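K.L.:
I am attaching a structure below and will ask some questions about it afterwards.
The values are calculated or read from the model by the stated rules, or taken from the named source; none is laboratory data. Just so you know, these numbers come straight off a predicted model, no measurement behind them. Glycine gets a Cβ as well: all are built from the backbone with ideal geometry, and neighbour counts include every protein chain shown. Surface accessibility is based on the protein's heavy atoms, side chains included, excluding ligands, DNA and RNA. Shrake-Rupley method; radii C 1.70, N 1.55, O 1.52, S 1.80 Å.
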Amino acid sequence: SLAEQGEHALQQITSALDGSKTDAVLCVAGGWQGGNAASKNFLKSVSASVSQSIDTSAVAASVAAKCLKPDGLLVLTGASAVAAARGTPGMIGYGLAKAAVHQMVASLSMDGSGVQAKVVGILPTTIDTPSNRAGMPSADFSSWTPTADIADKLYAWAAGSAPCENGRLYTFVTEAGKTRVE
């Protein structure tokens, strides 16, 4: 269950921290699921998307509420395609899950949320990973965001060497192999 997963994660993290607090909690879990309401595996894709995006973000939020330093950073992963769209008819489960993550960022960044740190969302398009390359071998990789570019920005935010705004959703845009954050 989600509650059991959350408790397990919290126990493991609090044990590793040994009474200390951490600078950042980064939830970069996720996965893409396609399908519309008529698709054979529609409900399966919705369930997978909820598990991959909403459940992992909820666990990260719970951990952040208990383990983050007051000036720390919680990062959740949304999706630029969902933020820019009025709907996602070809990927309904994915769209609803990522929209929920965007809402979670907004809610967690507010007073009274239980998280006493900055909360931001990252909205990548396609991340340049081995599994994405294997799944889309003929794609234009120069428009895919390298994982190192995301990691560098998250580190800069967590270390305080680059500013980030509480509650904001940041889009990672890669064109011709160059990534910018908007």
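K.L.:
On C-alpha positions alone, give me the angle between the axis of helix 147-159 and the longest principal axis of the chain, in degrees, nearest 10.
P.N.:
Roughly 20 degrees, rounded to the nearest 10.
K.L.:
Okay, next question. Using amide H atoms built 1.01 Å from N in the peptide plane, name the residues 5+ places from residue 91, or on other chains, whose amide H lies under 5 Å from its own.
P.N.:
35
K.L.:
Shape of the stretch 50-131 from its Cα gyration tensor (a ≥ b ≥ c, root eigenvalues): rounded if a/c is under 1.5, otherwise prolate when a/b > b/c, or oblate?
P.N.:
prolate
K.L.:
Could you report the chain's accessible area per residue, 1.4 Å probe, as an integer in Å²?
P.N.:
54
K.L.:
For residue 22, what residues show an amide H to amide H distance below 5 Å, using hydrogens built from the backbone and excluding near sequence neighbours?
P.N.:
68, 69
K.L.:
Follow-up question, since we're still on this one. Rounded to the nearest 0.05, what FRET efficiency do residue 113 and residue 16 have when you use their Cβ-Cβ distance and R0 = 22 Å?
P.N.:
0.35
K.L.:
Just to be sure I understand: of the beta bridges DSSP finds with both ends in the chain, what percent are antiparallel, rounded to 5?
P.N.:
20
K.L.:
Between residue 162 and residue 96, what length in nm is gained on full extension when 0.36 nm per residue of separation is reduced by their alpha carbon distance?
P.N.:
Extending this stretch completely gives an extra 20.7 nm.
K.L.:
For the ranges 168-174, 51-57, what's the packing order if you count other beta-carbon atoms within 10 Å of each residue, average per peptide, and put the highest first?
P.N.:
So the order, starting with the most tightly packed, is 51-57, 168-174.
K.L.:
Leaving out ligands, DNA and RNA, what percent of the accessible area of the chain is carbon and sulfur, probe 1.4 Å?
P.N.:
The value for the chain is 55 percent carbon and sulfur by accessible area.
K.L.:
Sticking with this one: Mind putting a number on the dipole of the stretch 68-182 about its Cα centre? Charges go on the C-beta only, +1 for Lys and Arg and -1 for Asp and Glu, and I need it in Debye to the nearest 20.
P.N.:
Result for the stretch 68-182 is approximately 140 debye, rounded to the nearest 20.
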